[in-house]
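Working notes for the structure below.
The numbers here are math on the coordinates, done by the rules we state, and not lab data. None of these values were measured; they are calculated from a predicted model. Here the Cβ positions follow ideal geometry from the backbone for every residue, glycine too, while neighbour counts run over all protein chains shown.
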Amino acid sequence: MAWNFPPRYTGRVKIALAQINPTVGDFVGNASKIVRYAQQAREAGAEIVLFPELSICGYPPRDLVERTSFVARNHQVAEEIARDTAGITAIVGLVTPASSKTGKSVMNSAAVLRDGKIALIQSKRLLPTYDVFDESRNFAWADSQEIFCQQHVPVALTICEDAWNDKDFWKRPLYGKDPVADLMAAGGKVLLNISASPFDLSKPEVRQKMLAAIARKYKVPVALCNQVGGNDSLIFDGSSIVLGPDGTVMAQARSFEEDLIFCDTEKLTGDIHPTLQGDEANAYAALVLGTRDYVHKCGFRKVLIALSGGIDSALTAAIAVDALGAENVMGVGMPSPYSSQGSIDDAAALAKNLGIRFEIIPISDIFSSFNKTLTPMFEGLKEDTTEENIQSRIRGNILMSLSNKFGALVLSTGNKSELAVGYCTLYGDMCGGLAVISDVPKTMVYRLSHYVNARREIIPTATIEKPPSAELRPDQKDTDSLPDYAVLDAILDDYVEDMKSASEIAQAHGFDIALVRRVLAMVERTEYKRQQAAPGIRISTKAFGVGRRFPIAARIEVQ
């Protein structure tokens with residue numbers, strides 16, 4: 001039913017968007033940020049300030065919402081924030097008890113805080129259950145939503161996914177209802193959306209196009225306030241945005257950092273802050289932010305990285321320094337009998353360029369001792385990947401010993417291409433608390449390394465130009481076991497990201513079908529490795545981890 005709005009309605013409201021970086025469960029810290037930004041917005045003349053989805057408790061809280069004390073704390077903190085933000089309407093995200101018959105005890109909600117109290121609770125209607133999302137596991141959905149008035153303006157308030165089901169924009173909408181359409185039919189003149197929309201390289205453009213289509217369709221301003229920061233594998237890019245009724249951008253927040261922007265829905269003016277352009281810039285910023293937040297939110301300050309002289313460890317170290325500062329990063333070289341002097345020199349040059357501490361711990365004697373100990377059991381058997389893996393696992397043990405002694409988190413350095421086909425060693429080079437580049441294909445590792453060197457030479461040219469090698473046996477090259485990375489990454493992108501069959505991939509690229517099937521078989525038989533890997537930072541539409549769920553004990557036919 002449409003509302004009867006006051007005759008003095010002008011359609012004008014001054015809005016602030018406060019994209020903050022919350023930490024899951026840190027009610028005190030999150031509330032402090034909310035109050036501080038709300039006060040800044042009020043002092044700047046805003047009438048309403050938006051905060052991200054579940055900003056009070058942090059997103060995603062996952063099964064924490066099953067704890068009654070956690071849910072109760074949400075409401076308590078919301079009331080405290082309301083008292084501390086009098087003089088401005090603040091919209092915050094929180095978990096609230098559910099009264100539905102779904103069997104779920106809580107809802108994903110937004111609270112409208114006004115005049116020192118909670119004036120309205122609006123709950124999410126569309127609960128995503130795909131890719132990294134599993135909200136139906138935890139939350140009950142709302143049956144309906146309502147309009148509220150701000151300065152006599154009828155405002156439609158939605159939460160993240162509620163705005164992602166426009167049947168005129170999406171070819172195959174996921175839900176049978178459209179909260180935006182319902183709120184617009186009820187008389188909404190401004191659409192607000194509080195979000196925790198995870199980043200991937202395609203997301204900012206898709207998000208803006210979708211919101212612009214909604215703005216043009218209903219001829220209203222649309223404002224989306226998005227969370228920023230890293231929480232476990234997920235990165236939130238911020239990039240909060242306000243679009244005018246014609247779909248043009250009238251306000252834009254920065255990418256990958258906290259920000260506060262303002263807009264006027266009558267004058268259709270607002271702050272335009274710079275955003276990053278290009279895949280390399282966005283990917284690198286996401287990896288830096290994800291590394292910084294994971295390390296700090298897990299209570300660490302320092303990290304350890306095995307520097308082999310190869311490009312993967314070099315890129316990981318560059319990211320770590322930009323995330324944490326050179327004084328908090330230590331590189332460790334662990335040459336074996338097969339490590340080239342060039343690789344040792346490249347690792348040392350990288351450390352010098354980055355200004356980090358670099359220690360060399362040779363493993364040849366330890367490796368010899370292992371071999372001697374195992375000789376009786378291995379007598380008569382040829383050397384194979386067993387001996388290669390021993391070297392990797394020696395290095396893993398050394399890193400974890402240093403981690404224990406110095407309280408530093410180990411960053412593993414494997415890339416997505418290697419992880420996809422199992423070209424990595426469990427309890428060896430896979431050791432670590434965070435797999436920084438595990439969602440970065442090898443070909444992009446090279447692109448990002450050139451991006452790093454655009455400022456000055458940080459990663460030695462020799463590291464970039466030499467053929468990639470694990471250096472675990474004489475004259476070893478990655479191409480001894482794998483296709484050229486340009487070919488491998490094209491196959492993996494089609495298979496992992498787009499779920500294409502072997503025949504479709506071979507036909508699309510002109511690849512030999514036997515080669516494609518061999519690669520896909522490698523992907524399928526190494527699922528057990530990926531599910532034991534450290535969490536990685538997600539920058540693609542289909543990263544290994546929570547958004548890709550496959551069985552381990554299975555026999556998959558490669559078609």
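Worth a mention:
- Rounded to 10°, Cα long-axis angle of helix 279-297 versus longest principal axis of the chain: 90 degrees
- Three semi-axes describe the equivalent ellipsoid of region 282-479; taken as square roots of 5 times the Cα gyration tensor eigenvalues and ordered largest first, they are 27, 19, 16 Å.
- P(r) histogram, all alpha-carbon pairs of region 14-275 included - 5 Å bins from 0, percent: 1, 7, 14, 20, 22, 18, 12, 5, 1, 0
- Put in order of Cβ neighbour count within 10 Å, fewest first, the listed residues C149, C225 become C149, C225.
- Exposure proxy shown here: for L174, L183, the number of other Cβ atoms within 10 Å sets the order, fewest to most, as L174, L183.
- Comparing Cα centroids, region 388-435 and region 33-67 end up 37 angstrom apart.
- Near A506, once Lys and Arg are set to +1 and Asp and Glu to -1 for all other residues with Cβ below 9 Å from its Cβ, the sum equals -1.
- Qualifying trypsin sites (Lys or Arg not before Pro) in region 193-237, DSSP loop, other Cβ atoms within 10 Å at most 15: K219
- Beta bridges per DSSP, both residues in the chain: antiparallel share near 55 percent.
- Ranked by the mean number of other Cβ atoms within 10 Å of their residues, highest first, the peptides 461-468, 111-118, 343-350 come out as 343-350, 111-118, 461-468.
- Partner aspartates and glutamates whose Cα lies under 14 Å from the Cα of K203, excluding those fewer than 8 positions away in the same chain, are identified as D131, E161, D237, D279.
- With an a/c value of 1.5 or above and a/b larger than b/c for the gyration tensor axes a ≥ b ≥ c computed over the alpha-carbon atoms, region 458-528 is described as prolate.
- Net +/- balance of residues flanking P128 in space, Cβ distance below 9 Å, scoring K and R +1, D and E -1: -4
- Sequence ranges 306-316, 375-385, 474-484, 184-194, ranked by mean other-Cβ count within 10 angstrom, highest first: 306-316, 184-194, 474-484, 375-385
- For the listed residue pairs K352/K529; K14/K124; K352/K442; K171/K442, the alpha carbons are over 28 angstrom apart in K352/K529; K171/K442.
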